Every structure is written in C-alpha cells, then in structure tokens.
Amino acid sequence: MLQSPYVTNYLTQHFADDGFATLEGYERLGGYRAARKALTQMSPDELIELVKTSGLQGRGGAGFSMGTKWSFMPKDGDRPKYLVCNADESEPGSFKDRIMLERGSHQMLEGILIAAWATGAETTFIYIRGEYAFPADCVERAVAEAYAKGYLGKNVMGSGFSHDVRVTRGAGAYICGEETGLLESLEGKKGQPRKKPPFPAQYGAFGMPTTVNNVETYSHVPHIVDKGVAWFQSFGTPKSPGTTVFGVSGHVARPGLYELPLGTPLAEIVFEHAGGVPGGRKVKGVIPGGMSMPVLPAGQLDVPMANEFLRERKTMLGTGGIIVMDETTCMVRAASVISYFFRDESCGQCTQCREGTGWMNKIIDRIERGAGDQGDIDVLLDVAGKMEGGTICAFADAAAWPVQGMLRHFKEDFVAHIGARKCPFPESFEL
C-alpha cells in the first residue's frame, strides 16, 4: 500500500499509475513544471532561502536542514561543484527509496535539477546500492529520457544552465550509506568514512565541493517550489514540517509504505494504517526508524513520529522504517540479529567500533544460548557506552543504540534467558 486514505499524498499519490514512472506520464501530471519555474524565474539564492524557510529536513536519517546544507556550497571559485544522491538505502527495515526509484525517478531527478541550479553544481552522481539492480535500471532509463528531452545536458530548458547526471552502482556495503564512505566508494576506493573536517561542501567527491542528499529529500523539492512554503508547512509539525514515507514491516496485517504527515502518532501508523498485529496478539516493541534506532515498548506508542518527540523517548525517526514485534518475540534473539549485522558491517577503521561490535555480538550470543551470567548485562552496557561519540562516523553509535534500547526496556528478557539457561519464549522466531 503506497498511500493512506487519510491524507493527501504528494510524493506517492500517482505511484499506482504506471505512467508516473515515465517522462510522458510524469509531465502529464505536471512534472518538470517546478524545475522550469526555478531555472527561469528564481535565482539560486532565492531557491536556497525558499527551501531553508520551508523547514525541509533530510529524510535519510540525520534530519538536517536541506536548505542550510545547500548554503554551505561555496558560491565562488574555479573548481567544479557536484551533487550526490544517496540511494544506498542499506538500513534494515527501510525500503521506501527502492519504490521511489522504481516508480518516481523523474520526481527525484526534477528535485536534483532544482538543487543543481541552487548550488551551481555541474554534475550529480546517483549512488545506488548494489542489490538494487531493477531500481538502478529504472533510474538509468529516466536519466536517458531526461537527456533526450533536454532536461539534462547542455542549456537545460533553454536557460543557459547545463547539468549532467551519472548513475553509479555500489557493491552492497552498509557503510556506504554514510556520506563520506559513499564518496570514497564513488571514487573507486574502499568504502570507509573520512575524518571531518574537511566537510564534503569543501572537499567532497574527487576533492571538489559536494552536497549529498538522499532520494526522498530531493523528491520533496519540486512540490515546495511549485506550491510554496505555506502549503508544505500545512503538513507535519512546526519543527518537522511536511510528510514522509513510513515503511512498516514485521508483525502487522498490512506491511507496506504509508506517506503521512510527520508527527503522526506511532500507534496510528501501526494499528490503523498497517492494520495492527494479526492473530489477536499484542505488540511487545516497535523499532521506529530502521534497525539502528532504539526500540520503544508497547506502552510508548502514543509518541508522535517526529524527531523532537522521539528524542524525548531516547530514540529517533531515522529512516522511518518501522519494525513491529509482537508478544512472542524474544528480544535477546532480536538483539543477536541486530548485533550480528553491525559486527559484520563495521568498516574496521575505529577500535571502539571494530572491537565493540564484535564483543556485543559475542556476549549477546552467549546469553542467547544459555551460557551467560548476570555480569554480562553490565559488560554489555559498558561496551555500548564506550562506543558512543568517539569514532570517525556514527556507525558505532548506531550499533550501540539498539542494544542500549533493548536493555532499557526489555532487560527482563535477558535476565530470564540467564536464569533459565535457555530461551524462555518458545514461540519466538528461530535464529
């Protein structure tokens, strides 16, 4: 399900129409009208101010102001400037960008074109995760259509502005979703995050000034340019305006994508839009924004899905990938799966991350198989605490947070495992 009947969906409302994926169908629905307006009626500074005033936050997980990020791009100098579209989407529980690439590539390309005019970028690199073979084919087709129509290349729409788009496929590394790890991979190097400063706006792709945003973030831009700030801010909350696409998976009757205003209560998304837990079972916990975000217990599902409210519950919106776990779920096993993933995906640069992810997985697995003791819980908390805030990128934080969340809300599962010397949840999923 790509749209909810409860709100007007501007990102996904035409996805059910196969024509939206083609240039002809997208133009028929008003596509590239906003880009023409931007290139012929607005200056780059006006565009940056418009997007900044709109309050559009990055939808890739960090939630940083898109307009502010654009303003960091140097306005002078002889060096070429680049944009990067982060389409790596490797966060478990997240799958919205895949559908937007398959069914809304031109919407994303129009946003990229507007961003290029605003920042003076001459080339955009769209970096797509290696497993997304079909989405990458869809993007390459859309890029070819845009070149053929004169929406990319030299003298776009007769404006005198030129812009090129290059599609690059990754090799399946989670760390390449981090923007500087992506830039290293884009340059043909091992995907490892860079130390900052310098930041990408000063030294990005191939050493040139670069701005990185993700698929959904670019896709909002044409609608803001076309309909204005007041319209965009009529959705969402004062601090988190607009809609976002929530991906709901796990123990729900109707898993799928739901475009809803930011600030929609988590309980409404789980029980009304996604149909609740099948079989009459109860919710035990919900991960609100992809696997790296700390879990929330059933008693906290009243929280509005926007960062200013989620931070009060010691979690974050992340990518909006909602993972629902019912009362049969063993949280020790869930933590084992999560810790294994982060152990396997660490790039290994930083000691806290390389060693910490391995130790957390080893200890959790020991508890899960019935060989743990009470001291293991204290060691887990100590290791997770030492991983936060001291590494090149936020990967170590993202690995530590889920474990901290599990122990904050479901410590009794770990204690029961240790006491019983086996898993006390016979109906839980198998490892």
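The values are calculated or read from the model by the stated rules, or taken from the named source; none is laboratory data. What you are looking at is a predicted structure, and each value in this text was computed from that prediction instead of being measured. Virtual Cβ from ideal backbone geometry, glycine too; neighbours counted across all protein chains shown. For the accessible areas, the whole protein counts, side chains as well, though only heavy atoms, and no ligand, DNA or RNA atoms are used. Shrake-Rupley method; radii C 1.70, N 1.55, O 1.52, S 1.80 Å.
Observations on the structure shown:
- Residue under evaluation ALA253, criteria (1) in contact (Cβ under 8 Å) with a residue 12 or more places away in the chain; (2) under 25 Å from LEU101 (Cβ atoms), criterion not met: (2)
- Residue selected from the range 51-62 under the condition more than 30 Å from GLU140 (Cβ to Cβ) and not polar (S, T, N, Q), by the criterion least open to solvent (accessible area, probe 1.4 Å): GLY55
Matching residues to (1) among the polar types (S, T, N, Q); (2) over 22 Å from LEU296 (Cα atoms); (3) touching a residue at least 40 places away in the same chain (Cβ under 8 Å):
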residue: GLY405; (1), (2), (3): no, no, yes
residue: HIS409; (1), (2), (3): no, no, yes
residue: ALA420; (1), (2), (3): no, yes, yes
residue: SER428; (1), (2), (3): yes, no, yes
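- If you go through the range 237-294 and keep only what is under 17 Å from the mean Cα position of the chain (by Cα), of a type in the set (A, V, I, L, M) and in a loop (DSSP other than H, G, I, E, B), you end up with LEU262, MET291, MET293.
- Of all residues in the range 274-307, those satisfying the criterion of being open to solvent by less than 20 Å² (accessible area, probe 1.4 Å) and at positive phi are GLY276, GLY290.
- Tally, over the range 353-390, of residues that are at pLDDT 95 or above and of a type in the set (S, T, N, Q): 2
- Of the helices (runs of 4 or more DSSP H) lying entirely inside the range 100-207, those carrying at least 3 residues that are open to solvent by less than 10 Å² (accessible area, probe 1.4 Å) and out of contact with any Gly (no Cβ under 8 Å at 6 or more places or on another chain) are 105-119, 133-149.
- Any hit, the range 377-395, residues being in contact (Cβ under 8 Å) with a residue 60 or more places away in the chain, touching a Ser or Thr at 6+ places or on another chain (Cβ under 9 Å) and outside any loop (DSSP other than H, G, I, E, B): yes
- Hey, VAL212 modelled with pLDDT of 95 or more, in contact with a helix residue (DSSP H, G or I) (Cβ under 7 Å, 6 or more places away or on another chain) and in the same structural domain as TYR132 (by TED's automatic domain parsing) or not: yes
- Here is the figure for the range 313-360: residues that are assigned to a strand (DSSP E or B) and more than 21 Å from CYS423 (Cβ to Cβ) total 2.
- The set of residues in the range 76-88 being within 17 Å of HIS163 (Cα to Cα) and over 18 Å from the mean Cα position of the chain (by Cα) consists of ASP78, ARG79, PRO80, LYS81, TYR82.
- Only listed residue being under 19 Å from GLU91 (Cα atoms) and out of contact with any Lys or Arg (no Cβ under 8 Å at 6 or more places or on another chain), chosen from ALA146, ALA230, ALA173: ALA173
- Tally, over the range 1-26, of residues that are surrounded by 13 or more Cβ atoms within 10 Å (Cβ to Cβ), at pLDDT below 90 and farther than 24 Å from PRO261 by Cβ: 1
So that you can scan it fast, the table gives a plain yes or no per residue for (1) outside the structural domain of VAL403 (by TED's automatic domain parsing); (2) over 19 Å from HIS409 (Cβ atoms):
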| residue | (1), (2) |
| --- | --- |
| ARG311 | yes, no |
| MET316 | yes, no |
| THR319 | yes, yes |
| ILE322 | yes, no |
| VAL337 | no, no |
| TYR340 | no, yes |
| ARG343 | no, yes |
| GLN349 | no, yes |
| GLU355 | no, yes |
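- If you filter the range 416-425 down to residues that are assigned to a helix (DSSP H, G or I) and of a type outside the set (Gly, Ala, Ser), you find that the one that is nearest to the chain's Cα centre (by Cα) is HIS417.
- Of all residues assigned to the range 240-263, none qualifies as being more than 19 Å from THR12 (Cβ to Cβ) and either at pLDDT below 95 or open to solvent by less than 10 Å² (accessible area, probe 1.4 Å) (or both).
- Residue in the range 352-367 that is open to solvent by less than 70 Å² (accessible area, probe 1.4 Å) and more than 28 Å from GLN192 (Cα to Cα) present: yes
- The residues listed here are ALA87, ALA35; of these, the one that is over 20 Å from PHE199 (Cβ atoms), touching a strand residue (DSSP E or B) at 6+ places or on another chain (Cβ under 8 Å) and open to solvent by less than 10 Å² (accessible area, probe 1.4 Å) is ALA87.
- With respect to the conditions (1) closer than 17 Å to ASP226 by Cβ; (2) aliphatic (A, V, I, L, M); (3) at pLDDT below 95; (4) crowded, with 19+ Cβ neighbours inside 10 Å, LEU29 falls short on a single one, namely (4).
One line per residue, one yes/no per condition, for (1) open to solvent by less than 40 Å² (accessible area, probe 1.4 Å); (2) over 26 Å from the mean Cα position of the chain (by Cα); (3) not assigned by TED's automatic domain parsing to the domain that holds GLY61:
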{"position": "VAL383", "(1), (2), (3)": "yes, yes, yes"}
{"position": "GLN404", "(1), (2), (3)": "yes, no, yes"}
{"position": "PHE414", "(1), (2), (3)": "yes, yes, yes"}
{"position": "GLU427", "(1), (2), (3)": "no, yes, yes"}
